Structures are given as C-alpha cells and as structure tokens.
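Worksheet: the structure to be examined is printed underneath.
The values are calculated or read from the model by the stated rules, or taken from the named source; none is laboratory data. If you're wondering where the values come from, they're calculated on a predicted model, not measured in any experiment. Don't worry about glycine lacking a Cβ; one is built from the backbone with ideal geometry, like all the others, and counts go over all protein chains shown. The protein model used for the area step is the full one, side chains on, heavy atoms only, and it has no ligands, DNA or RNA in it. Shrake-Rupley method; radii C 1.70, N 1.55, O 1.52, S 1.80 Å.
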Amino acid sequence: MEGQTPNMGMYDWDTDSEQWRREQLGQNFKDIDIEFALRGVNINWKDADPSGQSDSSAAILAAIADDDSDSIYIPKGLYLISQNVSIPSYKKLIFDRNARLQIANEKTLTLHCTIDANPSDWIFDLSLSGTVKGSLKVKEIYPEWFGAKLDGITDDTLSIQTAFNCAELSEGATVQFPYRKMIKVTMQGVRSTKTWHSGAYKRRFSLLIGSNVDVDFNYCTLSCPLVQEASALVPVNIISNKAASNDLSGNVNIRISNLILDQNVPYLTYDATQVGSYDSVVAEFHNTDGVVLTNITVQNAFGWGLKITNSRHFKVLGKTLLSKIVGCALRIGWDDNTAHGYVEDVEIRNNSNLYESLVAGNTIYCVAEHLRIGRIFQTLDTEYIPTEFNINDIVNYKLGSANFANNCNHINIDEIYCYYLGFKIQNYTGTTAGSPNNIRIGKIYLENTFFNQQAHSCYIDELMMGTNSFVESQNGVYCYINRIMQSRSGRYTLKGIDTKKLYINEIISTDSYAILSTAPNAVIQINNIFISRNDPTMPLDSGTKYLIDLGTCSNVQIWKLVYSIGSSSSVTTNFIKMPAGSSIGSVTGSYTNSSNITTKMIDSFLITLSVGTQTTINLSNNSFGNSDSSVYRNGNFMRRRFDIAPMSNL
C-alpha cells in the first residue's frame, strides 16, 4: 500500500525509558483501525488473486459486504472478474497505480459507485470481451481507464465507446481526453437509419454517442482509416448519435468540444464510385434536441462532413473548420423541421462537387427555420485554385457553393466571405411557393465567385463585389440592400419574370460592370448611385457600355446619381437605360478628356422619362452640360430633354 501511514509507526515508544507508553498504545491501535477504514477494504485481505490467474469476483463481493468501510481498495495487480458484479452507489473504488480489474467474456461489471484513480491509468481491462457499464459517481470519465492508448496506432474504438456509454448514465460527468493526441478509431459495424422520407440509409459507423453526454476531446484528432471491402477502400462515419433514425426516440443534450475528425479520404483523387449504396457522413447528429458542438474540425472527407438534420435547439460554437471535403461540407436540415439553431463561425476550405451525381457538392446546404449564423468564410488554398480561372465558366471547375434552399425561413447571417466558392439562396421550384423567406445578411463579400439570390424576401446590409465577381437576384418578391460596393467586379443582375421589388439605398461602383435588369415585372428604387470608371484596361463590351442598364423592368426611381468617367476609349461610352415612366432625381457628373482635363458635365438636374417611352441616355457626350440647348431651367431644377433612341439600336 503506497504512502506513509501516520498511525502505524508506533511513535508511542518512549526512547528515554525504552518502554511503551501503555496508556497511549490502545489509542494508537484505534487510530490504525480508523485509518484502515478510511483507506478501504483491501481486496487482497479477501483472498483476491493479483496475478489474474484465478477469479477474484468473490473477494470483491466480500469487500462490498464488509461494513467496516465504504471504500474498496484495489492494490497493484491484475484481478480477473468471472462473475457479474455490481458495485453499489454507497461504495468507493480506490485504485493503486498499476491496479486493474479484468472482466471475463460475456460478464459485466456494473458501476454505480465513486472511482478514485489516476486519469491516465488503465483500470478496467476489456481485452477478454467483458463489459463495463453503470452510472459512475464522478465528475470526469477518462478513456484511458478502459484501455485507450491514444497513440494513433492502437485501435481505441472500444475504450472510447465504453467511456461514452458510461457517461450516458453518469449524470454530470464529462468524458475528458488529454491534450492533442492522435487517436485511431475503426468501424464497429453497419446500421440502417431512417434520416429522410425516402427511406433508410446504410451507414458504416465507428462511435455512437447517447443522450446527456458531454465530451471534451481537448483538440485530439480522431483518425478513421478507410476500410477494405472487396477490392475497394471505403470511408467510415466516425461519430454520430445513437438514436439517429426517425423511427427512434432521438437523443438530447449531447455536448462535444475541441475535436478534429479525419476520414482519410484523398482530396480530389479518391474514386467515390467505390462507396456503393452506403451513406458517407463524418459527423452526424440526426433526430436530436439540444446538441452543442464547439470547435469542431472535419477534414479529408467524402460525402457529408458535418450533418445536423431533424434537430432543434442546436448550437455550433467557436470555430468550425471544414477542409478538403468532396461533397457537402455542412448540412443543416433536410426538409425535416430542423429549427432554432445557432452557428457561430464556420470556415470552409477546399470544397468540391467533383462527384455531384453521388452527393451534392455544397460548402453549406441548409433547409431550416430560425437559424442564426455569425460568420461564414469559404475559400480555396492556392494549390487548388484552377489555372486561368474564368468566373463565367465556374460550373465546369466543379467547385462547391453554399446553398440556402427551399423552405428556409428566418435565416440571419452576420458576415459572409466567399473566395472562388459560391453562395446561393436558391428556389428550386421556380415559383414563390416554398421559396426561402426572411433571409437577412449583414455583410457579404465576394471575390472570383458569384452570389445567386432567389429568396421570397431578402435583406442585405452590405453587398461587397470584389474582383471578378457577379450577383444575380432572381424570382422572389422583395429584396432590400442597404449598400452595394463594386470594385472591378461583374454585373449585379436582376432576373426572372415574377413581380418583385428591389430597393437599394446606395451603390458605390468603381471600374465595374453595369447594374442590369432583365426582369420585366420588377420595380426598382435606388436612392444614391456613385459610379467611377477610370481604368483603361476595362474591356469594351455590353457590360461596360452602360453605367446602368435597367431598361427591361417595370419602373425605376433613382434619386441621385454621381459619376466620373475617364478618357480611355474603353470607358467613354456610358449609357443609362431605363423603362417608361422612370426618373432620376439628381445627376452630377464629370468627364476627363484625353488631355486629362476634367469637365463638370451635369450639375443637379432632374430627369423624367415620358410614360410609354423607352429611352437611353448617353452620359459620355462632352457637349452634355448646362450650356447644352436641350437643358432648361424650371424653378430650382435643371431639366434636359432627351432624344429617343430605341433600345434595339444599341
């Protein structure tokens, strides 16, 4: 027994007289009895075998029955348990270092007691296919207790699963891992789960987690190697909740933090046709309530990275990093009442829809209600950016895009940053029925990518269109944008035949393509437009010919237009095209000629187009100024009569 006992040193010996102090000797032995009672009943006193050769079950049962102490002391050694043994809740198991209970095949050690053991010690030996279960009276449960080596070589699946199972019944206990270990897990089996209305899906699984389980992986990596089946190597679903099927009662209050999941699928070189009819999901939480995931990374995967479906009141906190996933990196909802969730910060790096015929290639696919997202950041690392990238051919690059689809409702996103990977609020029906609704975005920044907006109603505070990006707003009924900022970007295009309203408070455009409408039933109101075109490298085409091309819509109201046009031939042909009955409240502009002399061409005058007239306005005519005979004063406004130029002539 380790440690110095304070009462067993016979300190009552009188060194002067070399005699016992008899009056104190009795008390000394009483103190020894008390100390032994506190230390517990040593199972070796009950004839346990520390060599593990013979059964020590009877010794443990005798220690349980001993009323002299509520503690049972397990000294150094290996003790075989060949009977079913249950430790009651009023007992405490105290393990010496290198002390271990080995449970025999088909036998169960049930623990309802307190455990006192070193966190890194192996105290329950499951190598004979025995079982440990029960409701432990502890604050933390350690996978090492059940034999986990956490060395990245040993298969720790059974040890971790046992820790999860015990935590499920141990109220308030956290499964605690040591810091930053590489952990190998493998496939436990195959199960069939009903996760959508189309039927059940077969899944190869590794770890299953039940209700009321709290796991802190402490930034460990769970690495699950591909499984050899016939001539193919196939991926395994690493972690999911136990009652994931729709025909089960589901799971509640699962909390997982600080975890890295690696499915070991080679990015862009894996032949996904080998997966067969099995669904591949790295981390799945289906049919849940109250799931909380914090600082989760999923990498090197095929199929679905992180999937939260048919779930309510979920939180995805901290940084969620989804990297090198061929398929859908993050799935939230599946037309299944997924609602009331919060995602703090999700970063997607290197997503591909290379196998879109097998699984949708989305960075994010969402069908949910009442969802709040703090930040979305998605990009490609340098080595995965297509050579000679052409935004007009983005589909053929097999790049992923975020998709907030039909039946999304009340979605709030604070910030979105997209580089090469696209973003869509998409209506697959082609009608307003079931289209995404009440979509609110604080800020969205685009570079070398696209944004497709088809919501029934959408509210955007700031839309920033960087280099080589474009936006399409299609279908829907109402869209409000506080500010659009274009910098060497493509068009903002309004499309579709539905009746819709687009309200833009402010547009700031620098060396970019036109604001364009091909939506005949749209009503557009823009408060302020500030346009600058001074880049001589801008190509002269239909996109740069117009500052504003809103001719194909129902009505346009622009309150203020301020523009500056450079001298290069590529930027000196700039038209405004608007439909009948539209108006511009105030226009101020300047033109820089070939001698770099800037002339104020227009100064605060009102433009009103006659009803029934389609008109184009050339702002690049150098004679277009207050001295022009076609400009006349009416009160405090300057008005200009424009010659009618049929749009078909442009």
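Below, the figures for the structure above:
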item: Residue tally, condition more than 19 Å from GLY327 (Cα to Cα) and open to solvent by 40 Å² or more (accessible area, probe 1.4 Å), over the range 393-427; result: 7
item: Qualifying strands (runs of 3 or more DSSP E) (wholly inside the range 40-128; at least 2 residues being open to solvent by less than 60 Å² (accessible area, probe 1.4 Å) and in contact with a Phe, Trp or Tyr (Cβ under 7 Å, 6 or more places away or on another chain)); result: 99-103
item: Selection from the range 482-510 of residues that are assigned to a loop (DSSP other than H, G, I, E, B) and either open to solvent by less than 30 Å² (accessible area, probe 1.4 Å) or among the basic types (Lys, Arg) (or both); result: ARG488, SER489, GLY490, ARG491, GLY496
item: Yes/no for GLU369 being open to solvent by 40 Å² or more (accessible area, probe 1.4 Å), within 26 Å of THR499 (Cβ to Cβ) and touching a strand residue (DSSP E or B) at 6+ places or on another chain (Cβ under 8 Å); result: yes
item: Cβ pairs under 6 Å, 6+ apart, first in the range 335-350 and in contact (Cβ under 8 Å) with a residue 24 or more places away in the chain, second in a strand (DSSP E or B) and among the acidic types (Asp, Glu); result: ALA339/GLU369
item: Lone unmet requirement of (1) in a strand (DSSP E or B); (2) modelled with pLDDT under 95 for VAL298; result: (2)
item: Which numbered condition GLY476 fails, given (1) at pLDDT below 90; (2) open to solvent by 10 Å² or more (accessible area, probe 1.4 Å); result: (2)
item: Number of positions in the range 532-581 that are closer than 25 Å to ILE497 by Cβ, in a loop (DSSP other than H, G, I, E, B) and either more than 42 Å from the chain's Cα centre (by Cα) or modelled with pLDDT of 75 or more (or both); result: 5
item: Qualifying residue in the range 442-453 (condition: part of a loop (DSSP other than H, G, I, E, B), open to solvent by less than 10 Å² (accessible area, probe 1.4 Å), under 15 Å from ASN468 (Cβ atoms) and in contact (Cβ under 8 Å) with a residue 12 or more places away in the chain); result: yes
item: Among residues of the range 57-95, those that are touching a residue at least 60 places away in the same chain (Cβ under 8 Å) and closer than 21 Å to GLY130 by Cβ, counted; result: 1
